[in-house]
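Here, each number is a calculation from the coordinates, and none is a lab measurement. Not measured: the values here are computed from a predicted model. Virtual Cβ from ideal backbone geometry, glycine too; neighbours counted across all protein chains shown.
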Amino acid sequence: MFPDPLRFLIGTLVLFAVFSLLNQLRSKDQRLPLLRRGFWTDLAYWIFTPFIAKAMTKVAVALAILPIALLAYGAFDIEAVKHGFGPLSRLPYWQQAIGILVLGDFIGYWMHRGFHGARLWDFHAVHHSSTDLDWLSSVRLHPVNDVIMRLSVTLPVVALGFAPLAVAAITPVLTLMAILVHANLDWDWGPLRKVLVSPRFHRWHHTNEGEARDKNFAGLLPLWDILFGTYAMPSHRTPRGFGTQSPVPATLVGQLLYPFQRHRSER
């Protein structure tokens, strides 16, 4: 359930070295300081998320799929759940993987829009509170935000009979992609900018500038933003300002408690 500490440390050091180098290759006015604003909070999240928050999410998902497992298999068999059931489970894994990715991204798009609404914003405001956005900001996520998003995607996938095992091999790639799109980079994949999310695409989502407010919700395929009118990719400039007007505390503990406190939220 928990990551291997040594692999975790090596992976962290490699990512730190790679993204630090990419940051230094940028022009002086676009670089972030090594210990930029929010660095220590995000570093705390980097440890808290895989070792504590993700464990909580896995328990919540297991409990949620229990009724589906009982109906499909007559018992709670996590290994059986991984292989799916019914017609969809008999498709080749690569076809199932495509189906899971497309369906999951479509659901994730609408759930992400929901988190920008009044009822759920306080949980999501934690993620948007980074004022110096870079790769380490990717893990600044409230556990409740993570649990709700994970459940909203996993339950339909499992209920339809897909084999979650079909995407196991590419899960590390998807994780790296989530880290990359938060990096302090302006990459947009050129002619593929409307096919796959990029750092520039997601940085426009995080900006506090008015023209891109509540835009670019997709986690993988910009197609959903294009179809539903929330696509923003100004060609003449890149986003500069980040953060939120919501009074989100600066520390990890403060941010974990923030959604449960009485306050007036502003995006």
Across the range 207-227, the tally of residues that are without any contact (Cβ under 8 Å) to a residue 60 or more places away in the chain, among the hydrophobic types (A, V, I, L, M, F, W, C) and touching a helix residue (DSSP H, G or I) at 6+ places or on another chain (Cβ under 8 Å) stands at 1
Condition first: of a type outside the set (A, V, I, L, M) and under 21 Å from the mean Cα position of the chain (by Cα). Now tell me which residues in the range 1-19 satisfy that. F2, P3, F8, G11, T12, F16, F19
For the range 135-189, give me each residue that is in contact with a Leu (Cβ under 8 Å, 6 or more places away or on another chain), without any contact (Cβ under 8 Å) to a residue 40 or more places away in the chain and either within 16 Å of N23 (Cα to Cα) or not in a helix (DSSP H, G or I) (or both). W189
State whether one or more residues within the range 89-108 are touching a helix residue (DSSP H, G or I) at 6+ places or on another chain (Cβ under 7 Å), under 28 Å from W187 (Cβ atoms), of a type in the set (V, I, T) and touching a residue at least 12 places away in the same chain (Cβ under 8 Å). yes
For the range 225-233, check the following and say yes or no: at least one residue is touching a Phe, Trp or Tyr at 6+ places or on another chain (Cβ under 9 Å), buried (at least 17 other Cβ atoms within 10 Å of the Cβ) and not in a loop (DSSP other than H, G, I, E, B). yes
Tell me yes or no: at least one residue of the range 44-56 is surrounded by 11 or more Cβ atoms within 10 Å (Cβ to Cβ), small (G, A, S), in contact with a helix residue (DSSP H, G or I) (Cβ under 9 Å, 6 or more places away or on another chain) and within 18 Å of V139 (Cβ to Cβ). yes
